[in-house]
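Written out below as structure tokens is the structure these notes cover.
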Amino acid sequence: MKEKKQNILIIGAGLCGSLLALRLGQRGYNVTVYEKRPDLRKVDISAGRSINLAFSDRGNKGMKLVGLEEEVKKLCIPMNGRMIHDKEGNTFMSNYSGRDCEYINSISREDLNSLLLTEAEKHENVKIHFNKGCKRVDFENTTAEFKDYVDNSVFIEDADVIIATDGAGSALRKSYYLGKKFLFSFSQDYLTHGYKELSILPTEDGGYKTFKNALHIWPRGDFMIIALPNLDGSFTVTLFLSYDDGKYNFNNLTTPEIVTEFFQKEFPDALEIMPNLVNDFFENPTAPLGTIKCSPWHYKGNTLLMGDSAHAIVPFYGQGMNASFEDVVEFDAVLDEGHDNWEAIFKAYEKRRKKDTDAIADLAIDNFHEMKDHVGQAIFQEKRKIEMALEKEFPEDYSSKYSLVTFNEVIGYREAMLRGRAQDKAILNMLSDGEISTALDLTDKNVLKEILGKVKKQTEAILEDDRIAGLY
Ligand SMILES: Cc1cc2nc3c(=O)[nH]c(=O)nc-3n(C[C@H](O)[C@H](O)[C@H](O)COP(=O)(O)OP(=O)(O)OC[C@H]3O[C@@H](n4cnc5c(N)ncnc54)[C@H](O)[C@@H]3O)c2cc1C
């Protein structure tokens with residue numbers, strides 16, 4: 001395929017679209033991007049969208065691909081682990097890994113998106129247009145209809161290929177669904193919980209009011225708040241809470257008094273450093289959380305869905321953006337395979353990618369329960385203690401599920417999920433049966449070696465059972 005002459009139209013200049021535009025620009029394609037919002041480098045449009053994100057190794061593969069790893073590092077605040085806050089205000093740190101080199105980062109969505117846009121625009125063959133929203137896509141004729149939000153005009157663009165990176169509410173996905181021209185499967189599952197962003201402001205001299213290098217969690221069983229640091233000394237706090245259930249929920253937190261009472265009872269140490277709580281609570285929107293799966297991701301060789309438009313997930317593994325960046329890396333690898341036409345490229349891409357994005361969608365739901373509930377339970381903390389000791393002592397031989405998913409970017413999400421779930425089951429079973437215990441001397445290499453042997457044996461047995469049961 002004479003790829004360099006091709007005109008590619010990208011819908012959506014968010015995180016995935018701007019990285020894709022940059023990469024395809026580097027490869028020499030003629031790329032035109034249409035974004036419905038104003039240029040975020042010129043107008044503040046962050047309100048209501050997650051302000052900062054956990055950025056980790058899979059996302060970093062995308063930055064390495066386009067040569068931006070060092071630039072992105074400057075925007076990152078390392079978070080070495082979860083800092084758990086109980087109701088009495090006691091805290092304890094649970095590191096993400098026993099290996100010092102493994103940590104996640106807090107990064108500003110706006111700064112990262114801005115950097116990618118600026119880098120993409122450095123290529124003469126990449127043009128980005130803002131304030132132009134896609135209304136529908138004629139996927140049979142490879143054209144898209146846009147509305148210009150500045151002068152209200154409507155226009156149609158054509159291209160050799162259209163790639164939609166327009167997020168969870170994708171216009172292309174909607175056109176596939178409404179078009180009924182081919183067998184398009186689509187599912188959207190909402191959690192009964194929504195989220196709202198709040199904040200912990202910096203100290204007067206720009207410092208952090210609580211420990212900077214952690215992802216803070218206040219787990220309360222059915223709900224939680226989390227906080228991630230920003231470069232200016234503030235934290236973005238997110239409340240995850242049911243819309244309807246429980247004594248306190250989004251539908252009944254309707255007055256400043258009830259909101260304050262809720263925080264006083266459940267998150268007293270957070271309330272102390274959140275004097276702006278009531279303002280934030282009533283100014284910021286409450287938004288739903290859902291998982292979107294669909295297939296196929298493409299129509300013949302004309303159009304393709306990528307990023308959240310193909311696979312939106314709940315945010316509890318901190319992997320949605322990372323997965324969307326990994327999409328670009330995988331797509332780029334398929335381009336290198338030398339297929340003759342776009343249809344073959346799209347097919348090969350979906351075949352190698354979909355099993356992994358399905359897996360991270362399921363893992364993200366698992367982590368919802370882990371974060372709001374399990375992290376506060378004794379048996380879970382014992383499991384983490386053993387895993388940390390194993391990772392420290394045998395860095396080459398053991399990786400927890402979290403490490404496999406987050407730091408082991410050479411394997412796919414699906415492999416990480418299967419192995420990680422089997423390991424979790426093995427350790428929890430053995431802890432319950434008293435076969436292993438944190439009462440053992442976890443500083444003794446021989447003790448740990450024995451535990452590692454048991455965990456590996458049990459894990460293999462569970463994986464074998466799963467194989468026989470046809471679970472994979
Ligand atoms: C509360 C929350 C917290 C999260 N935390 C994390 C985290 O810690 N780590 C992580 O990896 N991920 C996280 N995510 C997920 C992450 O935000 C998404 O996976 C990521 O933004 C997907 O990138 P995208 O480019 O595919 O979609 P988006 O970022 O949604 O970008 C889509 C772009 O398309 C534009 N657009 C939409 N419709 C149209 C249209 N019709 N025409 C033209 N343009 C259009 C939008 O304006 C936007 O710029 C979180 C998500 C939420 C909701």
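The values are calculated or read from the model by the stated rules, or taken from the named source; none is laboratory data. Computed from a prediction, not measured in an experiment: that's the story for all the values here. With ideal geometry, Cβ positions are generated from the backbone for all residues, glycine too; neighbour counts draw on all protein chains shown. We work out accessible area using only protein heavy atoms, side chains counted, and drop any ligands, DNA or RNA first. Shrake-Rupley method; radii C 1.70, N 1.55, O 1.52, S 1.80 Å.
Sequence-ordered 3J(HN,Hα) estimates for segment 125-140 from the Karplus curve with 6.51, -1.76 and 1.60 and θ = phi - 60° stand at 7, 10, 10, 10, 10, 9, 6, 10, x, 7, 9, 7, 10, 8, 6, 6 Hz, glycine and proline given as x. How far is helix 413-432 tilted off the main Cα axis of the chain, in degrees rounded to 10, range 0 to 90? The helix 413-432 is inclined about 10 degrees to the chain. Sorted largest first, the principal axis extents computed over the alpha-carbon atoms of segment 140-211 equal 57, 36, 23 Å. With θ taken as phi - 60° and the Karplus curve 6.51 cos²θ - 1.76 cosθ + 1.60 applied, the whole-hertz 3J(HN,Hα) list for segment 398-406 is 9, 9, 5, 4, 4, 5, 4, 6, 8 Hz, x standing for glycine and proline. Listed by chain and number, the lysines whose C-alpha is less than 21 Å from the C-alpha of residue 147, apart from same-chain residues fewer than 8 away, are 36, 42, 127, 132, 135, 174.
Annotation: amide H-H contacts under 5 Å for residue 29 (H modelled 1.01 Å from N, sequence separation of 5 or more, or interchain): none. Derived value for the chain: Kirkwood hydrodynamic radius 23.7 Å. Basis is the mean of 1/r over every pair of different alpha-carbon atoms. Placing dummy labels 7 Å off each Cα toward the beta-carbon, the span from residue 71 to residue 300 is 3.7 nm. The angle between the Cα long axis of helix 256-266 and the main principal axis of the chain comes to about 50°, on a 0 to 90 degree scale. Working from Cα pairs under 8 Å separated by at least six residues, relative contact order for the chain is 18 percent.
Working note: 222 nm ellipticity from helices only, DSSP H runs with n ≥ 4, each -39,500 (n - 2.57), summed and divided by the residues of the chain, gives -12500 deg cm²/dmol to the nearest 500.
Considering every Cα-Cα pair within segment 257-312, what fraction, in whole percent, is farther apart than 12 Å? Pairs farther apart than 12 Å: 75 percent.
Rg over Rh for segment 48-92 works out to 1.15, using Cα positions for both radii and the Kirkwood form for Rh. With K and R counted +1 and D and E -1, the other residues having a Cβ less than 11 Å from that of residue 309 yield a net charge of -1. Solvent-accessible surface of protein heavy atoms, probed at 1.4 angstrom with all chains present, puts 396, 330 in the order 396, 330, largest first. Listed peptides 291-299, 256-264 appear in the order 291-299, 256-264 once ranked by packing, highest mean of other Cβ atoms within 10 Å at the front. Taking a point 7 Å out from the Cα of residue 471 in the direction of its Cβ, the residues of segment 401-421 whose backbone N falls within less than 11 Å of it are 418-421. Near the amide H of residue 161, within less than 5 Å, lie the amide hydrogens of 7, 9, all on another chain or at least 5 residues away, with H placed in the peptide plane. Near residue 51, no amide H atom lies under 5 Å from its own; only residues 5 or more places off or on other chains count, and H is placed 1.01 Å from N.
For segment 226-295 versus segment 125-186, the spacing of their alpha-carbon centroids is 34 Å.
As a length-normalised measure over Cα pairs under 8 Å and 6 or more apart, the relative contact order of segment 377-468 settles at 32 percent.
With all pairs of different C-alpha atoms in the average, the Kirkwood value for the hydrodynamic radius of segment 35-151 is 17.5 Å.
In a solvent-free Debye calculation with one equal scatterer on each Cα, what is log10 I(q)/I(0) for segment 377-468 at q = 0.13, 0.15 Å⁻¹, listed in the order of the q values? Those come out to -0.40, -0.54, one per q. Here the peptides 361-367, 39-45 are ranked by packing, the mean other Cβ count within 10 Å, and the order with the highest first is 361-367, 39-45.
With both labels modelled 7 Å from their Cα along Cα-to-Cβ, the residue 183 to residue 156 distance reads 3.0 nm.
How much of the DSSP bridge set in the chain is antiparallel, in percent, rounded to the nearest 5? Bridges in the chain that DSSP calls antiparallel: roughly 75 percent.
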